[in-house]
Structures are given as structure tokens and as C-alpha cells.
Amino acid sequence: MYFTDRGIEELQERRGEEEVSLAWVADQLRTFVDEHPEFEVPVERLASWLARLDDPFEQE
């Protein structure tokens, strides 16, 4: 288990039953980056990766 898995598991346990829109997730990511600008690059990479999941030309 990676250290980051703890946060992912907490998210799943606390909010896993909720349904949210991707617009809501995008707003939360923007808020997070506004509060923690040092994470701008990793959040941008995550958002791009999620956006391109179903694009066969973007898979590495």
C-alpha cells in the first residue's frame, strides 16, 4: 500500500456512497490548488489523466 492510499481509502469510506458531478470535483480541485498552490502540477496531471481515460490515443 502506498502512503497516498490512506487518503483514497478515507475518501472512499467517508464519501463513497455519494454521487457527485465532475463539475463539483473540478471545483474542489480548483479550491484545493488555490489553498495549496504547491500542488498545482500534480493536480493538473491528475485532472488531465482523468479527462483522457477513454481516449485510446492518449494512453501511454
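Put simply, of Ser48, Ser21 the only residue that is surrounded by 10 or more Cβ atoms within 10 Å (Cβ to Cβ) and free of Cβ contacts under 8 Å to residues at least 40 places away in the same chain is Ser48. On the stretch given as region 1-46, residues that are assigned to a helix (DSSP H, G or I) and either among the basic types (Lys, Arg) or modelled with pLDDT under 90 (or both) total 9.
The values are calculated or read from the model by the stated rules, or taken from the named source; none is laboratory data. No experiment lies behind these values; they were computed from the predicted model shown. All Cβ positions, even for glycine, are placed from backbone atoms using ideal geometry, and neighbour counts span all protein chains on display.
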